[in-house]
Amino acid sequence: MLRKPLFLLLLAASIAFAQSFRFGVEGGLPLTNAFNTGGVYDFPASIGGVNAPFICSDCATGSSFYSSNTKRYAVGATAELDFPFHLAVKADVLYKRLGFGFDYIIAAPAGSTGGSTDTTATTANSWEIPLLAKYSVGKLGPLRPYVEGGIAFRTLQGVQQTTEQLCPSCDIPANQTQTTSPAELNHGFTQGFVAGAGLELRHLLAGVFGEIRYTHWTADAFSAQDGLLKSTRNQADLLVGVTF
């Protein structure tokens, strides 16, 4: 019965002990790719696409490969609560647009007709929520160097995969399918650990900061069974922002 009043008392004491609350916007550039991708080329294949009923090793060769189509930007909001002794706690919400493609191409031998192409495009909205403890290590003129660390959560929303099958020389019409549960999707929700360092300039009620942040995710958001696609677990971002 006493837990709730005690929690509220501790929360009120923490807020009273804090010196200031600031919020703002931030954005930046992912320094690492969202996916590690690969391919397999020139293997014996069948005319007519992935599901063709026969293999003709003397007739055609195939290639299958993944490619990353992730947008190289991150945008979001940040909030920070300052405490004495150069300490602060902060929380961010960062948005990234993820994407990858998969191509399965059948090439007919020279001098013959045939061939087919299966093209897949997958997109997702990634929302990252880091919860960090921050410590200012001193001053460099007007700049305040700082280090930070904590945990992060990532959730994927709006996952969409579209596959188009084309075989002009086959008796197979063009076909397009869509799904929100692609086979490569492993974890729609992921946890991670965060460490970072940066510089901050504060003047009156405004502040400007820039930092490099490292995140290690504990699980793959996407991966393929053949090993040609895997989410990057070790992530680095360059971020800048303004707070008020």
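The values are calculated or read from the model by the stated rules, or taken from the named source; none is laboratory data. Please read these numbers as outputs of a predicted model, since none were measured by experiment. Note: ideal-geometry Cβ built from the backbone for every residue, glycine included; neighbour counts use all protein chains shown.
Yes or no, residue by residue, for (1) in contact with a His (Cβ under 7 Å, 6 or more places away or on another chain); (2) part of a loop (DSSP other than H, G, I, E, B); (3) surrounded by 14 or more Cβ atoms within 10 Å (Cβ to Cβ):
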{"site": "F193", "(1), (2), (3)": "yes, no, yes"}
{"site": "G198", "(1), (2), (3)": "no, no, yes"}
{"site": "R202", "(1), (2), (3)": "no, no, yes"}
{"site": "F209", "(1), (2), (3)": "no, no, yes"}
{"site": "D226", "(1), (2), (3)": "no, yes, no"}
{"site": "G241", "(1), (2), (3)": "no, no, yes"}
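(1) at pLDDT 95 or above; (2) acidic (D, E); (3) more than 30 Å from G150 (Cα to Cα): which one isn't true of D118, the others all being true? With respect to (1) at pLDDT 95 or above; (2) acidic (D, E); (3) more than 30 Å from G150 (Cα to Cα), D118 is out only on (1). Taking each residue of region 27-39 that is assigned to a loop (DSSP other than H, G, I, E, B) and looking for partners that are at pLDDT 95 or above and among the aliphatic types (A, V, I, L, M) with beta-carbon atoms closer than 6 Å, six or more apart or interchain, yields L31/A236; L31/L238; T32/A236; A34/L98; G38/L228. Only one entry of Y214, Y135 meets the criterion of being of a type outside the set (D, E, K, R), in contact with a His (Cβ under 7 Å, 6 or more places away or on another chain) and assigned to a strand (DSSP E or B), and that entry is Y135.
Between G24, G62, G48, G99, the distinction of being modelled with pLDDT under 95, of a type outside the set (D, E, K, R) and either in a strand (DSSP E or B) or over 26 Å from N175 (Cα atoms) (or both) belongs to G62 only. Within region 115-129, identify whether any single residue is touching a Pro at 6+ places or on another chain (Cβ under 9 Å), surrounded by 14 or more Cβ atoms within 10 Å (Cβ to Cβ) and in a loop (DSSP other than H, G, I, E, B), and answer yes or no. Scanning region 115-129 turns up at least one residue that is touching a Pro at 6+ places or on another chain (Cβ under 9 Å), surrounded by 14 or more Cβ atoms within 10 Å (Cβ to Cβ) and in a loop (DSSP other than H, G, I, E, B).
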